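A.B. asks: Quick one: the structure is below, and I'll ask about it shortly.
What follows draws every value from the coordinates through simple rules; no lab data is involved. Computed from a predicted structure; not experimentally measured. Glycine gets a Cβ as well: all are built from the backbone with ideal geometry, and neighbour counts include every protein chain shown.
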Ligand SMILES: CC(C)(COP(=O)(O)OP(=O)(O)OC[C@H]1O[C@@H](n2cnc3c(N)ncnc32)[C@H](O)[C@@H]1OP(=O)(O)O)[C@@H](O)C(=O)NCCC(=O)NCCS
C-alpha cells in the first residue's frame, strides 16, 4: 500500500469510495471535483495493487487559525489494517497550523476511537448537522 497525492484523475474511484463509505452522506459530484482541485487542499489517496482504496482531504484556514480534515474514508474490505491512520498522519503533516478539527457522526464509534487514539478531543456537538438529522461530534487536536 502506498500513499500518493490525489488529483482530478482520481474522480471516478473517489466517487466509488464515497458511495461505499458514506451511504447517507456521499458528497455530490461538484464537491468531489472541488476537493480534488481547489488550491491549498491537502489530498491523498491510498493505493494498493493499482487500486485507489482510501482517501483523505484537509485544508488550512488561516483566518480561523486552524485546519479541518474534510473527509477520510477507506473501502470496507481494506479496513482495520492501519490505512485510515496512515492517511491521517500524511494529511496532518501537510496542514500548516497546530490546531486541527474534524467532525464525525456521534454514533461513528470506530472513527471516534481512531481520532481519540491520535490525540483528538471532543470539543463540541453540532445538533442535526447531517441531512438525516444526525448530530455531529466536533473533535480537535492541538499540536502545540
Ligand atoms: C473510519 C475509517 C476511515 C477508519 O479506517 P481504517 O483503515 O479501518 O482505520 P485503521 O485501520 O487505521 O484503524 C485504526 C484504529 O482505529 C480504531 N478503529 C477503526 N475502525 C474501528 C471500528 N470499526 N471499530 C472500532 N475501532 C475502530 C481502532 O482503534 C483501530 O486500531 P486497531 O485496528 O489496531 O484496533 C473507516 O472505517 C471508514 O472509511 N469508515 C467509513 C467512513 C467514515 O466513517 N469516515 C470518517 C468520517 S469522519
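A.B. asks: Within the stretch 44-80, how many residues are within 13 Å of the ligand (Cβ to nearest atom), surrounded by fewer than 14 Cβ atoms within 10 Å (Cβ to Cβ) and part of a loop (DSSP other than H, G, I, E, B)?
C.D. replies: Total meeting the criteria: 1.
A.B. asks: I would also like to ask the following. Scan the stretch 81-96 residue by residue and report those that are surrounded by fewer than 15 Cβ atoms within 10 Å (Cβ to Cβ) and more than 7 Å from the ligand (Cβ to nearest atom).
C.D. replies: Across the stretch 81-96, the qualifying residues are 89, 93, 96.
A.B. asks: Would it be correct to say that residue 32 is assigned to a helix (DSSP H, G or I) and in contact with a strand residue (DSSP E or B) (Cβ under 9 Å, 6 or more places away or on another chain)? So that I can check it myself, show each step before the final result.
C.D. replies: Details: assigned to a helix (DSSP H, G or I): yes; in contact with a strand residue (DSSP E or B) (Cβ under 9 Å, 6 or more places away or on another chain): no.
No.
A.B. asks: Return the pair list, or none, for Cβ contacts closer than 6 Å from residues in the stretch 82-108 that are without any contact (Cβ under 8 Å) to a residue 40 or more places away in the chain and on the phi > 0 side of the Ramachandran plot to residues that are outside any helix (DSSP H, G or I) and more than 7 Å from the ligand (Cβ to nearest atom), at least 6 apart or on different chains.
C.D. replies: Note: no pairs meet the criteria.
A.B. asks: Given the conditions (1) closer than 22 Å to residue 137 by Cα; (2) surrounded by 14 or more Cβ atoms within 10 Å (Cβ to Cβ); (3) within 12 Å of the ligand (Cβ to nearest atom), and given that residue 17 satisfies all but one, which numbered condition is not satisfied?
C.D. replies: Failed condition: (1).
A.B. asks: Within the stretch 20-43, which residues are in contact (Cβ under 8 Å) with a residue 60 or more places away in the chain and either on the phi > 0 side of the Ramachandran plot or surrounded by fewer than 13 Cβ atoms within 10 Å (Cβ to Cβ) (or both)?
C.D. replies: Here is the first cut: in the stretch 20-43, the ones in contact (Cβ under 8 Å) with a residue 60 or more places away in the chain are 24-25.
If the condition is that a residue be in contact (Cβ under 8 Å) with a residue 60 or more places away in the chain and either on the phi > 0 side of the Ramachandran plot or surrounded by fewer than 13 Cβ atoms within 10 Å (Cβ to Cβ) (or both), then 24 is the only one that fits.
A.B. asks: I'd like the residue in the stretch 100-137 that is assigned to a strand (DSSP E or B) and buried (at least 17 other Cβ atoms within 10 Å of the Cβ) and, out of all such residues, is nearest to the ligand (Cβ to nearest atom). Outline the logic, then answer.
C.D. replies: Looking only at the stretch 100-137, we keep the residues that are assigned to a strand (DSSP E or B), and these are 100-105, 121-126, 136-137.
The next check asks that each one be buried (at least 17 other Cβ atoms within 10 Å of the Cβ); those that pass are 100-105, 136-137.
Numbers: 100: 13, 101: 11, 102: 6, 103: 7, 104: 4, 105: 7, 136: 9, 137: 9 Å.
Here the answer is 104.
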